[in-house]
Amino acid sequence: HDIRGTDDRAGRVFRANVPATCGSCHQGVLDKYKTGIHGVTRAAGNDKAPVCIDCHTAHGIQRTDTDASRLGVTAECGTCHAESMRTYRDTFHGQVTRLWFVQVATCADCHGAHDIFPKADARSMVNAANRVTTCRKCHATANENFAQYDPHADRHDKARSASLYYTGKFMDGLLITVFGFFGIHTALWLGRGLRERGRGKK
């Protein structure tokens, strides 16, 4: 009965209080959130760290196993992690989710949902020690070599993806060379063809 507005610090729907409010029913999820990087960052005083309503919304909450929910959360991650979303969208996983295909890895499949940890943390699903297990959730035969795949490789970042960077440079050069050569060839052929046509008319 003690209903308060979202701008009232004592209110249950005040942003900082939302995790505790949701946790009154979803205690297990709240415990995971508190240990993850988002909850820890929030507890440290960073008001920009996400709370429940950022990913699930306040009133239009959907089951997490629906297509709309999976795709929606992927897009939501990108509102804070724009650079990671950009590189994810360059990969097969990211491109097919843009086409509304959901039977492919999204952010939560690799990083987790509520108990997300930095890559260097041994509890992280993308930590080197756990990466094979994470990949095997979708790829049953995944091994150490398979897990070396970089889902955020950037062809413009030589330090992170040297092989992709040089492959990209080679492909750029090949494209320019091929189009340049055949562009000149076509222009010369066109000139010759016009001359031959002119001679034929005479």
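Segment 154-202 and segment 1-69 have Cα centres separated by 54 Å.
For segment 42-82, the average shadow cast by the Cα convex hull is 3.3 nm², which is a quarter of the hull's surface. Hydrodynamic analysis of the chain uses the Kirkwood radius over alpha carbon pairs. Inserted into Stokes-Einstein at 4 °C and 1.567 mPa s, it gives a translational diffusion coefficient of 62 µm²/s. Each peptide in 113-126, 175-188, 42-55, 139-152 was scored by the mean count of other Cβ atoms within 10 Å over its residues; highest first, the order is 113-126, 42-55, 139-152, 175-188.
Using a cutoff of 8 angstrom between alpha carbon atoms and counting only pairs six or more residues apart, the relative contact order for the chain works out to 12 percent. Under 16 Å of direct C-alpha separation, and excluding same-chain neighbours fewer than eight residues apart, Lys169 reaches these aspartates and glutamates: Asp154, Asp157.
Here, each number is a calculation from the coordinates, and none is a lab measurement. Every value quoted in this text rests on a predicted model; they were computed, and no experiment measured them. Every residue, glycine as well, gets a Cβ built from its backbone with ideal geometry; the counts of neighbours run over all protein chains shown.
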